[in-house]
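Encoded as structure tokens, the structure appears first; notes follow it.
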Amino acid sequence: GQLETMMGQYFCKRLVADGLMTENYIPAEGEMRFYANSMQRTIATAQYFSSGMLPVANVTIEHKFAPSKMDPVFNPQLTFISNEFMYQAMKEIGSMGGDAGLQGIGKNMSAQYRTIEKALDLKDSPVAKSDGLTKFKDNDLQIILEQNKEPAMKGSLKLANSASDAFILQYYEEKDPVKAGFGHKLTQKEWELIASIKDIYGDVLFTAPSVAVNVAHPLLKVMSEELALDTRKFTFLCGHDSNIASVLAALEVEEYSLPNSIEKKTPIGSKLVLEKFKGKDGKEYVGLSIVYQNTAQLRDRTALTLETPPECFPIKLKGLKANSDGLYLLEDVQSRFKKAIDAYDDLPKDQEVKKAA
């Protein structure tokens, strides 16, 4: 709540500085949209952000369902499954492991696994005594694709991801880094290795091209529609890190690694920001970036101002040429959205089946 309010306050300062609104602005009907997934935490996230950005406007957060029911727009679920689709998706996921295929993903994670085992004191843990789990395996990854469910997995990567997620939050919340590391004085590199487990987990489940096009389809349509509205000054769509991962993969962005963060892809509270500009040539342009609080700002709850801004990392689209300001023509960006949206209809749809592993 604190961090989202701070981020909202920064966006307020930016929008005022850019002449898009005034202090204590109250938007006209339809001028701004705050639309969140119907989970309690996403509704609350949008509420905190809007309170920071528009403190006197008393913004109503749009959500479609009773709290804690997933909205299909933000639910990164597979809306259909077919034998051909599963074959294609598994081939794409397997390619992430190189020549070794699917199990190569775990084999490439030795540094991550050894680091988190050390931080967890895994070999001396209760689960080691009860279940014999003394180390994470590199050859037990299973991918589960089911219709109307999120892509899922079984194996060490799933278990390590749960620990990674908890460690990251603990590092942000605990002032003493040794306490955050369960008594271990972890280096910056070791924290980055622990956090990278979560990034790899998200990449495996949500960024294979066929999977991304499938799960991001409803959100891509909403984003494209919002981008086309000339009457909209600002749109805030509040979902999850899996939404950012799948949308970026579907839009075919260049590989990136965020600086000054232990999370290199989708740090907690990060925003995928699309900004529309009108050039002196009369044409409309779009800039894409990830805006996020860096690790120090998260840990220290640093106030965000124009002098101490959050990080803003430009995102590049494969195959599109940006101008000297790093902006793309709006029509080119909308064409990329259309390509990603249309790709859904081109996914292989043979006889439907329910499950793949």
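Evaluate segment 86-93: report whether one residue or more is of a type in the set (Gly, Ala, Ser), touching a helix residue (DSSP H, G or I) at 6+ places or on another chain (Cβ under 9 Å) and either free of Cβ contacts under 8 Å to residues at least 60 places away in the same chain or in a helix (DSSP H, G or I) (or both).
Kept after step one, since they are of a type in the set (Gly, Ala, Ser), are these residues of segment 86-93: 89.
Okay, now just the ones that are also touching a helix residue (DSSP H, G or I) at 6+ places or on another chain (Cβ under 9 Å), so 89.
Subset that is either free of Cβ contacts under 8 Å to residues at least 60 places away in the same chain or in a helix (DSSP H, G or I) (or both): 89.
Yes, because at least one residue in segment 86-93 is of a type in the set (Gly, Ala, Ser), touching a helix residue (DSSP H, G or I) at 6+ places or on another chain (Cβ under 9 Å) and either free of Cβ contacts under 8 Å to residues at least 60 places away in the same chain or in a helix (DSSP H, G or I) (or both).
Return yes when residue 44 is surrounded by fewer than 18 Cβ atoms within 10 Å (Cβ to Cβ), under 13 Å from residue 269 (Cα atoms) and aliphatic (A, V, I, L, M) and no when it is not. Taking the combined requirement at face value, the residue satisfies it. If residue 277 passes every condition in (1) in a loop (DSSP other than H, G, I, E, B); (2) touching a Gly at 6+ places or on another chain (Cβ under 9 Å); (3) open to solvent by 80 Å² or more (accessible area, probe 1.4 Å) but one, which one does it miss? Of (1) in a loop (DSSP other than H, G, I, E, B); (2) touching a Gly at 6+ places or on another chain (Cβ under 9 Å); (3) open to solvent by 80 Å² or more (accessible area, probe 1.4 Å), only one is false for residue 277: (1).
Quick check on this structure: which one of 57, 100, 28 is assigned to a helix (DSSP H, G or I), more than 24 Å from the chain's Cα centre (by Cα) and either surrounded by 14 or more Cβ atoms within 10 Å (Cβ to Cβ) or among the aliphatic types (A, V, I, L, M) (or both)? Walk me through how you get there before you give the answer.
Working: 57 fails: assigned to a helix (DSSP H, G or I); 28 fails: assigned to a helix (DSSP H, G or I).
Selected residue: 100, the only one of 57, 100, 28 that is assigned to a helix (DSSP H, G or I), more than 24 Å from the chain's Cα centre (by Cα) and either surrounded by 14 or more Cβ atoms within 10 Å (Cβ to Cβ) or among the aliphatic types (A, V, I, L, M) (or both).
Among the helices (runs of 4 or more DSSP H) confined to segment 167-256, the ones with at least 3 residues that are under 13 Å from the mean Cα position of the chain (by Cα) are located at 188-206, 241-250. Filter segment 31-41 down to the residues that are small (Gly, Ala, Ser) and either open to solvent by 10 Å² or more (accessible area, probe 1.4 Å) or touching a residue at least 60 places away in the same chain (Cβ under 8 Å) (or both) and list them by number. Result: 36, single match. For segment 117-137, the count of residues that are modelled with pLDDT of 95 or more, part of a loop (DSSP other than H, G, I, E, B), over 25 Å from residue 178 (Cα atoms) and more than 22 Å from the chain's Cα centre (by Cα) is nonzero.
The values are calculated or read from the model by the stated rules, or taken from the named source; none is laboratory data. Computed from a prediction, not measured in an experiment: that's the story for all the values here. Virtual Cβ from ideal backbone geometry, glycine too; neighbours counted across all protein chains shown. Just the protein is used for accessible areas: all its heavy atoms, side chains included, with ligands, DNA and RNA removed. Shrake-Rupley method; radii C 1.70, N 1.55, O 1.52, S 1.80 Å.
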